[in-house]
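To start, the structure itself, in structure tokens.
FYI, it's all coordinate maths here, none of it is from the lab. As the structure is a prediction and not an experimental result, all values here were calculated from the model. Methodologically, a virtual Cβ is constructed for each residue, glycine included, from the backbone with ideal geometry; neighbour enumeration extends over all protein chains shown.
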2 protein chains.
Amino acid sequence: MGFTIGMDIGGTNIVCGLVDSEGKLLNKIKRPTEAGLGSGFVFDKISGMVNELLATAGITHSDVSAIGVGTPGFIDPEKGITLFASNLKWTQVPTAEEIRRRTGIPTYIDNDVRMYVYGEAVAGAARGYDHVLGITIGTGLAAAVVNQGQLYYGSGYMAGELGHIPFPEIPYDCGCGLHGCLETVVSATGIARQAKDQLAAGRDSVMREWMDADPGSSLTAADVSKAYDAEDPLAVEIMNYTGRLLGKGLAAAVTLYSPDMIVIGGGAALAGERLFAPMREQLQNSVYSGYWERLTIAQAQMIDDAGIVGSAMAAGQRLKQANTV
Amino acid sequence: MGFTIGMDIGGTNIVCGLVDSEGKLLNKIKRPTEAGLGSGFVFDKISGMVNELLATAGITHSDVSAIGVGTPGFIDPEKGITLFASNLKWTQVPTAEEIRRRTGIPTYIDNDVRMYVYGEAVAGAARGYDHVLGITIGTGLAAAVVNQGQLYYGSGYMAGELGHIPFPEIPYDCGCGLHGCLETVVSATGIARQAKDQLAAGRDSVMREWMDADPGSSLTAADVSKAYDAEDPLAVEIMNYTGRLLGKGLAAAVTLYSPDMIVIGGGAALAGERLFAPMREQLQNSVYSGYWERLTIAQAQMIDDAGIVGSAMAAGQRLKQANTV
């Protein structure tokens, strides 16, 4: 009793962890998703992972009150359906019911970014704050809001798509059909893309030497960080531009949501101050001082585990709500 | 029983109305605020207005379950304090307690824009929608969100300041300390200001003839609408520019809040399609199609009364919540 299981089903891996009632991750396992073998195969694998997790901890299914699952894409958390997840190639998959049926444990699903931010809000860097705006800068840029413990969903559970606000100064088309979306610049992909574009346009950079030395390789956001640390002018320019644009996007989000905490996670957040220093400067100059004064900005604490802990805690919360209605 | 009173304390007038449990406004009265005579004077006047309202309806204080009050400025709805209202010149005024003490009726206060939007959400144009974004275009530009019947507040009750998102193409300083805030253009003041600036810069317009014919007068947003209807190129340009900027601001709000309804009120909303046509075109081009498809946009239905009805209904709701805790 008191245990919950949190799970993150990604395009590459499934991570599954046992969490206690305080939000402490006790044990986790990771397996390749192999989504190409079909959703039934994936759910059978998940059932096996749950068995393994319980066996390792020496507990049984009846000790676990709920399973929480974060998946990418569009989710209907109330119906428990993955509406569309492009990197799993799932459309209208009844994820919650499939897992509940195999494990006998009440299962809740939600979007993976919301679960990540929820994890940071209840048990990570944003713990103790009432109005949390969380963003993840990874392949894309996404956001979620946890307001006095409650996730903000909006119509169609589609709120918080910070990465899809268009900016006139951004020259890139976005996969969503718009032009100039913030995430075409502010993401790991966007940072790497800027570097590649500038090198292709003939800009001088230490990154060119690295590419020439290893012709088969592809530039990453981490390379741009490395070049930044070598005081490469192009890398500094890219980080400043990216950070300032993130600051402009956050200015809109802060003015509309009025958070007291912004927590920043995702792979590209590892760029840290290279990105955050210009972001903070721009944000401070772009919001009414009353917002800035009440704001704390922090890097995510749980990095890899926020989604697991968030899914588990959110599932526990939803089970409690279901039982009190 | 079942009656509530809604009140709007503005810089010029106090309006006070009796509302039934269905949100129907039964009767209302209006008096000059005379804020210069001090808050004590204003509260005594309010107490007298309540007596008058009840006498007219033939009911007593005990028939009224709650009073709801909307005031401009920064409000602490939980403590019932008007923190700062510039056009009343009130700082840290315990508005709720002052009215409760004089009337014996539980009193709740909130920001006037939130109450306006709440009124439209529960009993006006947005009735029946789950995720309502309401904006008022008046002296300034403000917004509020009602999500499944619940107002969204954010830290410091400061969420929704759509008018204070800065845009690089806006040349005006804002009273809030920033440069280029949306409301310096998208407001009655902003529309009139653009016309005056262009006339001062020598632009030709039918509005110049009107001003020359009546030298003591000052241009208003209504004049710009009138000139628009006379196909004045300057007026058309101003409305298009203002509408497009409103569309850009709403694009950020829609992407972050994901509403299924936008309801638009306030004096400058009377410009109607002159403003809304370019706004809609810009908004549709600036948001992911999934947002646009689920969106209805409507003009406020209750115009003058939304704030009264909203305050009354919100007070009834808060009393109910207080009694169930």
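A few comments on the model shown:
- Net charge dipole size for chain B [Lys, Arg +1 and Asp, Glu -1 on Cβ; Debye, nearest 20]: 740 debye
- Count Lys and Arg as plus one, Asp and Glu as minus one, and take only other residues whose Cβ is under 14 Å from that of A:P259; the net charge is then -4.
- Applying the criteria of a DSSP loop state and at most 10 other Cβ atoms within 10 Å to the GluC sites (Glu not before Pro) of the stretch B:201-267 yields B:E231.
- Residues A:S311, B:S155, B:S187, A:S39 arranged by fewest to most Cβ contacts within 10 Å: A:S39, B:S155, B:S187, A:S311
- Between the C-alpha center of the stretch B:191-230 and that of the stretch A:106-149 there is a gap of 50 Å.
- Counting, for every residue in B:243-255, the Cβ atoms of other protein chains within 10 Å of its Cβ and taking the mean gives 4.
- Based on DSSP H segments of at least four residues, each scored -39500 (n - 2.57), the protein assembly as shown has a per-residue ellipticity at 222 nm of -13000 deg cm²/dmol.
- Lys, Arg +1 and Asp, Glu -1 on Cβ, resulting dipole of the protein assembly as shown about Cα centre, debye, nearest 20: 1300 debye
- Beta bridges per DSSP with both ends in the protein assembly as shown, % antiparallel, nearest 5: 60 percent
- With the label put 7 angstrom out from Cα along the Cα-to-Cβ vector, A:A222 ends up 6.6 nm from the copy partners, going from closest to farthest.
- Peptide B:173-180 - average C-beta neighbours from other chains (10 Å radius): 2
- Bridges between two residues of the stretch A:33-120, per DSSP, are antiparallel at a rate of about 55%.
- Label distances, nm, B:L37 versus same residue in remaining copies, Cβ-directed 7 Å point: 8.2
- Using a cut-off of 27 Å between Cα atoms, the listed pairs A:K28/A:K226; A:K89/B:K248; A:K89/A:K226; B:K28/B:K320; B:K226/B:K248; B:K28/B:K196 include A:K28/A:K226; A:K89/B:K248; A:K89/A:K226; B:K28/B:K196 as exceeding that distance.
- A DSSP coil position with no more than 12 other Cβ atoms inside 10 Å describes the following trypsin sites (Lys or Arg not before Pro) in the stretch B:7-52: B:K24.
- Annotation: average projected area of the stretch B:85-173 is 8.1 square nanometres, based on the convex hull of Cα atoms across all directions.
- Helix A:233-257 and the long axis of chain A differ in direction by around 50°, with both axes built from C-alpha atoms.
- Other protein chain Cβ atoms within 10 Å, averaged over every residue that makes up B:159-169: 5
- Relative pair counts by distance (%), Cα atoms of the protein assembly as shown, 10 Å bins: 3, 15, 22, 23, 19, 11, 5, 1, 0, 0
- Each label point was placed 7 Å from the Cα along the Cα-to-Cβ direction; for B:E281 and A:S217 their separation is 5.0 nm.
- Fully extending the segment from B:R101 to B:L83 would add 4.6 nm, taking 0.36 nm per residue of separation and subtracting the current Cα-Cα distance.
- Cβ-derived FRET efficiency at R0 35 Å, A:R127 paired with A:S62, nearest 0.05: 0.75
- Sorted from shortest to longest, the distances between the A:E209 label points of this copy and the other copies are 7.2 nm, with each point 7 Å from Cα along the line through the beta carbon.
- Within a straight-line Cα-Cα reach of under 17 Å, A:K30 can be paired with the following aspartates and glutamates, leaving aside sequence neighbours fewer than 8 residues apart in one chain: A:D8, A:D44, A:E52, A:D112, A:D304, A:D305.
- When you filter the trypsin sites (Lys or Arg not before Pro) in the stretch A:139-241 for DSSP loop state and at most 15 other Cβ atoms inside 10 Å of their Cβ, you are left with A:R203.
- In chain A, the beta carbon lying closest to the axis that superposes A onto B belongs to the residue given here with its whole-angstrom distance, A:A252, 2.
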